[in-house]
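**Student:** My questions all concern the structure below.
The values are calculated or read from the model by the stated rules, or taken from the named source; none is laboratory data. Remember, predicted model here, so these are calculated numbers, not experimental data. Cβ placement follows ideal geometry from the backbone for every residue including glycine, while neighbour counts extend to all protein chains displayed.
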Amino acid sequence: MNGKLNVLALSEAAAIVSALSMLVLGIFGNIGIYTGAVEMMRQWHMFFSLAPLGILTGMLEAAVISFVIVYLLGWLYNKLA
């Protein structure tokens, strides 16, 4: 192994984990669990809300942001490694 990351696979995995985390927070928020975390997500993410469409748009937003950030970090790691 040459020490290089598969940047695309890493970014896709991060996007999936982020989207699933938003889904779980949306579900928990609707049943009244982890309301503090749900409120933080409402403040940090422009499109997240507890409505079904808000949960979906929050999932999409989190996935895109995570994909881009992890892709750039993985790319930088491969350049420096």
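**Student:** Given the options G26, G58, G54, G32, name the one that is at pLDDT 90 or above, touching a His at 6+ places or on another chain (Cβ under 7 Å) and among the small types (G, A, S).
**Tutor:** None of the other options fit; the residue is G58.
**Student:** Here is a follow-up. Taking I31, is it without any contact (Cβ under 8 Å) to a residue 12 or more places away in the chain and more than 10 Å from the chain's Cα centre (by Cα)?
**Tutor:** When the stated conditions are applied, I31 passes them.
**Student:** Moving to a separate point now. Taking region 21-34, which residues are surrounded by 12 or more Cβ atoms within 10 Å (Cβ to Cβ) and over 20 Å from S66 (Cα atoms)?
**Tutor:** I27, F28, G29, N30, I33, Y34
**Student:** Assuming S66 fulfils every condition listed in (1) within 30 Å of G3 (Cβ to Cβ); (2) surrounded by fewer than 13 Cβ atoms within 10 Å (Cβ to Cβ); (3) among the small types (G, A, S) apart from one, which condition is it?
**Tutor:** Against the list (1) within 30 Å of G3 (Cβ to Cβ); (2) surrounded by fewer than 13 Cβ atoms within 10 Å (Cβ to Cβ); (3) among the small types (G, A, S), S66 comes up short only on (2).
**Student:** Here's something else I'd like to know. Within region 26-39, can one find any residue that is in contact with a Ser or Thr (Cβ under 6 Å, 6 or more places away or on another chain) and not β-branched (V, I, T)?
**Tutor:** no
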